[in-house]
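This structure is in structure tokens; I'll ask about it shortly.
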Amino acid sequence: MKVEFPRWENNDPIGWISRAEKYFRFHGTSDNAKVDLASINLEGDAIQWYDWLEACHGPPKWEEFKEELINRFGPSGYENVDGELAKIRQTSTVLEYQGRFERLSNRTRDWSEKQLLGTFIEGLRLDIRREVKMNQPRTMKAALSFARLQEEKINEEGRRNNKVIRENPSHYSTPRRLTKEEIKERMAKGLCWHCDEKWHRGHQCKQKRILMIEPIENSEEEDDFYEGETQDNINEVQDDSMAISIHALEGLQTPQIMKVKGFIKKQPVMILIDSGSTNNFLDSTLARRLKQKIERASTFDVKVADGRSLTSPGKCEGIKIILPNYELITDLFFLPLDGCDVVLGAQWLRTLGDIIWNFSQLTMRFQDQGKEVCIRGKRQDTITSISSYQAERLLKKDCSIFLMQLSIKKDPKGTSYTPPELETLLSKFSMIFAEPKGLPPSRSHDHRIPLIPGSAPANVRPYRYPYIQKEVIEKIVQEMLQAGIVRPSMSIYDKEMLAIIHAVTKWRPYLLGRHFQIRTDHKSLKFILDQCISNIDQQKWIKRLLGYDYEIVYKKGTENTVADALSRLPNQIEFTAISLVTCKNLENIKKEQKENSAAQALIQNILQNSSPEPHYSWDGEILRYKNRIFLPANSAEKEVIPEEFHCSLQGILASYARINGFQELLSKE
């Protein structure tokens with residue numbers, strides 16, 4: 001029996017290592033050959049990583065290889081697996097929940113069987129958890145069986161209820177269909193379309209009714225019939241709009257599209273299952289090859305997701321499509337498709353009921369007549385690059401290498417023919433038909449729009465335009481930028497920085513090897529070398545200044561004026577002085593307090609708070625008693641202060657006596 005080495009998967013390195021060890025155990029591989037065999041089967045980023053590891057640290061051993069591989073491609077070492085397992089909850093089916101639970105429980109080592117069983121039951125959906133608890137399972141196997149049985153029971157009850165709802169007749173009346181003759185008759189009598197009363201502007205029907213208007217085919221007679229209609233209550237008549245996604249139209253496989261192989265009349269076809277398309281579509285070329293009968297009763301407009309509208313020539317009813325493990329019969333609309341033959345959209349998907357769609361595994365599961373159907377999609381082929389070392393090892397084995405070159409074949413219908421007479425005329429007046437390379441020449445009279453005298457400027461509200469017009473506008477603007485007609489605007493900051501670069505570049509021979517100053521009135525440029533974040537233009541300009549010894553000095557705009565006769569006058573030196581009024585007696589008192597032992601003892605008591613004095617205070621410079629300056633007992637200021645206050649001209653008491661004398665003299669007069 002031949003067992004192949006497991007295929008490398010980036011998203012599951014732990015599982016890949018587990019399968020590789022089983023492979024080694026089955027074949028009895030030695031420890032020396034394990035790393036070589038595993039490295040040969042690496043792909044993509046993994047082989048690049050291994051080449052780097054081998055070049056830097058040498059060939060690793062198998063245990064080292066596993067550890068480094070998990071550190072590089074596996075989950076983070078700081079991931080709390082126990083916390084994730086404790087908080088796991090069922091969000092989809094029991095099978096999906098079981099898979100997530102098993103992946104997390106395999107990475108834990110200290111959990112007992114009882115703890116795992118309790119965590120699994122508590123994570124189940126509420127309606128399933130209740131029934132599982134009632135059965136009191138003792139093992140994980142029993143809990144899984146009870147959970148699956150309860151899930152099947154709930155799904156069966158849901159399908160039964162839906163069937164009952166469909167079988168019950170609706171209490172609404174059958175929608176009434178209005179034909180063209182009835183519409184003409186009501187318009188001739190002036191009756192409302194929805195009731196039998198006279199129609200007038202603002203009319204509202206007393207009784208709400210359900211009406212149905214049949215889709216009107218595209219014909220000239222019907223266009224003439226609706227031409228000239230003026231009633232306000234005419235509803236827009238259109239069939240159910242059909243839509244198809246861009247990727248399905250181009251045959252591209254995206255995360256929302258699954259590609260499946262199938263058969264139509266024993267002819268292999270490529271089928272895209274797309275939830276973004278409303279209907280089922282068949283390629284027109286394949287329909288002609290299969291000789292399918294086209295129902296051309298009417299044409300249909302199909303809207304593409306990019307805004308385009310395609311016309312379907314008709315449809316084919318009752319096409320049998322054979323899928324893997326499933327067969328279906330459906331109606332297909334014809335449409336030109338690229339890259340695929342059939343698109344199955346919501347028209348088919350809505351008939352399946354509940355669908356479990358796994359886009360990562362490309363599987364789709366649904367129930368059909370009580371049986372589970374699983375459709376597997378085709379994985380997209382990937383092309384990976386290999387190193388020369390890998391190519392050398394592959395060439396030593398039996399392999400084939402193909403070199404293909406693809407070229408675009410030009411459509412002969414797209415080539416244009418120009419008569420020789422027209423070629424001569426175009427070459428003679430080539431300047432007229434040449435593409436403009438700048439602004440148009442100045443003219444004596446430019447085009448203008450005359451306005452009525454006294455009218456206000458035109459004020460038009462902004463409006464939206466379609467994306468096609470936006471692309472055309474952007475293309476025109478880009479062409480004008482390349483031709484120089486329109487130039488990209490620059491901010492004041494960019495212009496000032498660019499001016500500095502031009503000035504330094506121009507004076508480069510005189511500035512190299514010397515220290516110089518760059519004076520600017522743009523204050524933000526002063527910090528150009530200190531800022532942490534800079535844009536691409538700033539990085540380019542700073543690179544141009546490398547190698548210069550300079551400093552940027554900010555100079556206010558008012559000082560940065562043009563030199564004139566007055567600005568060339570010599571600078572005059574001005575001498576200024578600051579006058580301060582100080583108290584001479586206060587300095588003498590501070591000196592005496594420092595030399596007096598009694599004053600120092602009071603200060604120490606206040607600072608140490610050993611025997612606080614209630615009326616003494618110390619502010620760090622001078623001692624006070626009841627907020628008045630304290631004079632020591634032997635202070636010389638006791639004689640000086642009374643003399644200045646009573647006898648001198650600056651004394652307060654003398655001034656007070658003079659003021660009182662003036663007041664008495666004024667009162668006598």
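The values are calculated or read from the model by the stated rules, or taken from the named source; none is laboratory data. Predicted model only: the values in this text are computed from it and were never measured. When we count neighbours, we look across all protein chains shown, and the Cβ atoms used for this are built from the backbone with ideal geometry, even at glycine.
I need every pair where a residue in the range 577-591 that is in contact (Cβ under 8 Å) with a residue 24 or more places away in the chain has its Cβ under 6 Å from the Cβ of a residue that is of a type in the set (Gly, Ala, Ser) and surrounded by 10 or more Cβ atoms within 10 Å (Cβ to Cβ), sequence separation at least 6 or different chains.
Taking only residues 6 or more apart or on different chains, not a single pair turns up.
Name the pairs whose Cβ atoms lie under 7 Å apart, with the first residue in the range 86-112 and over 24 Å from residue 356 (Cα atoms) and in contact (Cβ under 8 Å) with a residue 24 or more places away in the chain, the second among the polar types (S, T, N, Q) and surrounded by 13 or more Cβ atoms within 10 Å (Cβ to Cβ), and 6 or more positions between them or separate chains?
86/119; 111/105
Next question. Can you list the helices (runs of 4 or more DSSP H) lying wholly within the range 413-489 that have 1 or more residues being among the hydroxyl-bearing types (Ser, Thr, Tyr), under 29 Å from the mean Cα position of the chain (by Cα) and at pLDDT 75 or above?
Values: elements: 420-428, 430-433, 467-483.
It comes to 467-483.
Any residue in the range 358-374 that is in the same structural domain as residue 95 (by TED's automatic domain parsing) sitting within a Cβ distance under 6 Å of a residue that is in a loop (DSSP other than H, G, I, E, B) and at pLDDT 85 or above? List the pairs, counting only those 6 or more apart or interchain.
As it stands, the answer is none, since no pair meets every condition given.
Any residue in the range 378-400 that is part of a loop (DSSP other than H, G, I, E, B), at pLDDT 70 or above and basic (Lys, Arg)?
The answer is yes, given that some residue of the range 378-400 is part of a loop (DSSP other than H, G, I, E, B), at pLDDT 70 or above and basic (Lys, Arg).
Go through (1) surrounded by 17 or more Cβ atoms within 10 Å (Cβ to Cβ); (2) assigned to a helix (DSSP H, G or I) for residue 8 and report which single condition fails.
If we test residue 8 against (1) surrounded by 17 or more Cβ atoms within 10 Å (Cβ to Cβ); (2) assigned to a helix (DSSP H, G or I), just (2) comes out false.
Are there any pairs, at least 6 apart or on different chains, whose C-beta atoms fall under 9 Å, with the first in the range 533-555 and more than 20 Å from residue 490 (Cα to Cα) and the second of a type in the set (Phe, Trp, Tyr), and if so, which?
Matching pairs, first to second residue: 548/516; 549/516; 550/516; 551/516; 552/527.
What are the residues in the range 499-538 that are polar (S, T, N, Q) and either surrounded by 14 or more Cβ atoms within 10 Å (Cβ to Cβ) or at pLDDT below 75 (or both), if any? Please lay out each step first, then the result.
Filtering the range 499-538 for residues polar (S, T, N, Q) gives 505, 517, 520, 524, 531, 534-535, 538.
520, 531, 534, 535, 538 - these are the residues of the range 499-538 that are polar (S, T, N, Q) and either surrounded by 14 or more Cβ atoms within 10 Å (Cβ to Cβ) or at pLDDT below 75 (or both).
Scan 617, 635 and give me the residue that is assigned to a strand (DSSP E or B), at pLDDT 70 or above, more than 60 Å from the chain's Cα centre (by Cα) and surrounded by 10 or more Cβ atoms within 10 Å (Cβ to Cβ).
Numbers: 635 fails: assigned to a strand (DSSP E or B).
Just one listed residue meets the conditions, 617.
Is there a residue being in contact with a helix residue (DSSP H, G or I) (Cβ under 9 Å, 6 or more places away or on another chain), of a type in the set (A, V, I, L, M, F, W, C), assigned to a helix (DSSP H, G or I) and more than 30 Å from residue 145 (Cβ to Cβ) anywhere in the range 73-94?
Yes, some residue in the range 73-94 is in contact with a helix residue (DSSP H, G or I) (Cβ under 9 Å, 6 or more places away or on another chain), of a type in the set (A, V, I, L, M, F, W, C), assigned to a helix (DSSP H, G or I) and more than 30 Å from residue 145 (Cβ to Cβ).
Could we say that residue 146 is at pLDDT 85 or above, of a type in the set (A, V, I, L, M, F, W, C) and under 16 Å from residue 82 (Cα atoms) here? Spell out the reasoning first.
Values: at pLDDT 85 or above: yes; of a type in the set (A, V, I, L, M, F, W, C): yes; under 16 Å from residue 82 (Cα atoms): no.
So residue 146 does not fit the description; no.
Let me ask something else. Given the criteria within 20 Å of residue 547 (Cα to Cα) and out of contact with any Leu (no Cβ under 9 Å at 6 or more places or on another chain), does residue 456 qualify?
Numbers: within 20 Å of residue 547 (Cα to Cα): no; out of contact with any Leu (no Cβ under 9 Å at 6 or more places or on another chain): yes.
The answer is no for residue 456.
Of the residues in the range 26-71, how many are in a helix (DSSP H, G or I) and over 16 Å from residue 13 (Cα atoms)? Give the steps one after another, and end with the answer.
Filtering the range 26-71 for residues in a helix (DSSP H, G or I) gives 26-27, 31-40, 45-57, 62-71.
From what is left, the residues that are over 16 Å from residue 13 (Cα atoms) are 26-27, 31-33, 36, 51-57.
Looking only at that region, the number is 13.
Can you tell me which residues in the range 493-546 are among the acidic types (Asp, Glu) and part of a helix (DSSP H, G or I)? I'd like the intermediate steps shown before the answer.
Within the range 493-546, the subset among the acidic types (Asp, Glu) is 494, 496, 521, 530, 537.
Selection gives 494, 496, 537.
Follow-up question, since we're still on this one. Output the number of the condition that residue 111 fails; it satisfies all remaining conditions of (1) of a type in the set (Phe, Trp, Tyr); (2) closer than 19 Å to residue 9 by Cβ; (3) outside any helix (DSSP H, G or I).
Only one criterion in (1) of a type in the set (Phe, Trp, Tyr); (2) closer than 19 Å to residue 9 by Cβ; (3) outside any helix (DSSP H, G or I) is unmet by residue 111, namely (2).
Looking only at the range 572-597, which residues are at pLDDT 75 or above and out of contact with any Pro (no Cβ under 7 Å at 6 or more places or on another chain)? Walk me through it before giving the result.
Here is the first cut: in the range 572-597, the ones at pLDDT 75 or above are 585-597.
Hits for the range 572-597 are 585, 586, 587, 588, 589, 590, 591, 594, 595, 597.
Sticking with this structure for a sec: From the list 449, 468, 476, exactly one residue is in contact (Cβ under 8 Å) with a residue 60 or more places away in the chain and of a type in the set (Val, Ile, Thr). Which is it?
Matching residue, one of 449, 468, 476: 468.
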